[in-house]
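Enquirer: Questions regarding the structure given below will be posed in turn.
The values are calculated or read from the model by the stated rules, or taken from the named source; none is laboratory data. These figures come from a predicted structure and were not determined experimentally. When we count neighbours, we look across all protein chains shown, and the Cβ atoms used for this are built from the backbone with ideal geometry, even at glycine. Only protein heavy atoms, including side chains, enter the accessible area calculation; ligands, DNA and RNA are left aside. Shrake-Rupley method; radii C 1.70, N 1.55, O 1.52, S 1.80 Å.
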Amino acid sequence: MKLSAGRAGLAFVLSAWVTFSGLLIWGGLQASQQSQEVNQLAATSVWKPDAVVEFTHNNTTEKLTIPSWRRLDDGNIWAHVWKQHGLDPNYQPELANLEEVKVGKWVEDKRLRPQALNNLKPFAKAAEAAGHPILVTSAYRSYADQEKTRKELARTNGQLYADEFVAEPGKSEHQLGLAVDFSSYTEQCMEKFTACRLDKASAEWLAAHAHEYGFILRYPEGKQAITGVAPESWHFRYVGKDLAGFMHRNKLTLEEVMTQLKKAREAS
């Protein structure tokens, strides 16, 4: 039986759709089977970390397990971004909108890495429950945003001030999407940055409990000679609970940890 051109075209489309749907279903079944095989392999295999590095500090020794040396690579959660090592200007991580967390209305980029945000939410809730409500004053900043911020601060406060308080573009942890700055929450701070302050009691609580949520106080008091940065009670960095807990127990900075880890990686 002959079909009209229109009906023949429709028959072709329907036939193609049935074939495509079948391929999708078959592909989905194969992907599911592969996923099950991977899970079974993981369950039956002996997991081995890349290394176990021993640290001695204040006459105590503790071992840090390195799941993978790749954690130290640029962009990963243990990446060491500082004055002597920066990120590519075009680097931008996967980002998520800051939700369920108080953020200043004036903050231009209200985004953070998903893994950091997922731990920031309970961290902020716990702080508020403890009587220390906080507000985010800075999260992700691109290379261009960092450059803009530094120039504006140099123009208003002088280059020396900008050099001390704002990292060079590419050398800010904010570009990683893993760093966040806090202020004590007030309605005034919500509306205007110059009204923001992190009170001492809140700063102490945050520093004492940050590791429980995978964060570290990045530039603590008494460590300027090591970090090269003046103390910043408001600046926290997400590194994951395993490393954050290790650093908190041993009172170590990221510089102290990374110096030894990089040596161990080179020797491995």
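Enquirer: Quick one: in the range 167-204, of everything that is touching a Cys at 6+ places or on another chain (Cβ under 7 Å) and part of a helix (DSSP H, G or I), which residue is least open to solvent (accessible area, probe 1.4 Å)?
Expert: The initial filter retains those residues of the range 167-204 that are touching a Cys at 6+ places or on another chain (Cβ under 7 Å), namely 183, 189, 195-196.
Subset that is part of a helix (DSSP H, G or I): 189, 195.
Working: CYS189: 0, ALA195: 44 Å².
Step by step, filter the range 167-204, then rank; the result is CYS189.
Enquirer: Looking only at the range 131-166, count how many residues are in contact with a helix residue (DSSP H, G or I) (Cβ under 9 Å, 6 or more places away or on another chain), open to solvent by less than 40 Å² (accessible area, probe 1.4 Å) and not in a helix (DSSP H, G or I).
Expert: So the answer is 10.
Enquirer: What is the number of the single condition among (1) in contact (Cβ under 8 Å) with a residue 40 or more places away in the chain; (2) open to solvent by 30 Å² or more (accessible area, probe 1.4 Å); (3) farther than 24 Å from ALA144 by Cβ that THR259 does not meet?
Expert: Against the list (1) in contact (Cβ under 8 Å) with a residue 40 or more places away in the chain; (2) open to solvent by 30 Å² or more (accessible area, probe 1.4 Å); (3) farther than 24 Å from ALA144 by Cβ, THR259 comes up short only on (1).
Enquirer: Let me ask you something else. Can you name the residue in the range 236-255 that is free of Cβ contacts under 8 Å to residues at least 60 places away in the same chain and buried (at least 17 other Cβ atoms within 10 Å of the Cβ) and, of all such residues, is nearest to ARG71 (Cα to Cα)?
Expert: Here the answer is ALA244.
Enquirer: Also, I was wondering about something else. When you scan the range 206-225, do you find a residue that is out of contact with any Cys (no Cβ under 9 Å at 6 or more places or on another chain), small (Gly, Ala, Ser), free of Cβ contacts under 8 Å to residues at least 40 places away in the same chain and outside any helix (DSSP H, G or I), even just one? Please lay out each step first, then the result.
Expert: Going residue by residue through the range 206-225, those that are out of contact with any Cys (no Cβ under 9 Å at 6 or more places or on another chain) are 206-225.
If we keep only those that are small (Gly, Ala, Ser) too, we end up with 207-208, 210, 214, 222, 225.
Those left that are additionally free of Cβ contacts under 8 Å to residues at least 40 places away in the same chain: 207-208, 222, 225.
Those left that are additionally outside any helix (DSSP H, G or I): 222.
Yes, the range 206-225 contains at least one residue that is out of contact with any Cys (no Cβ under 9 Å at 6 or more places or on another chain), small (Gly, Ala, Ser), free of Cβ contacts under 8 Å to residues at least 40 places away in the same chain and outside any helix (DSSP H, G or I).
Enquirer: Right, next: Considering the range 84-103 alone, what residues qualify as being open to solvent by 80 Å² or more (accessible area, probe 1.4 Å), touching a helix residue (DSSP H, G or I) at 6+ places or on another chain (Cβ under 9 Å) and either among the basic types (Lys, Arg) or part of a loop (DSSP other than H, G, I, E, B) (or both)? Break it down into steps so the answer makes sense when it comes.
Expert: Within the range 84-103, the first condition is being open to solvent by 80 Å² or more (accessible area, probe 1.4 Å), and the residues that meet it are 84, 88, 90, 92, 94, 97, 99-100.
After this cut, where a residue has to be touching a helix residue (DSSP H, G or I) at 6+ places or on another chain (Cβ under 9 Å) as well, the list is 88, 90, 92, 94, 97, 99-100.
Selection gives ASP88, ASN90, GLN92, GLU94, GLU99, GLU100.
Enquirer: Quick check, is GLU128 surrounded by fewer than 17 Cβ atoms within 10 Å (Cβ to Cβ), farther than 30 Å from SER268 by Cβ and at pLDDT below 95?
Expert: Values: surrounded by fewer than 17 Cβ atoms within 10 Å (Cβ to Cβ): yes; farther than 30 Å from SER268 by Cβ: yes; at pLDDT below 95: no.
Spelling it out, it is not the case that GLU128 is surrounded by fewer than 17 Cβ atoms within 10 Å (Cβ to Cβ), farther than 30 Å from SER268 by Cβ and at pLDDT below 95.
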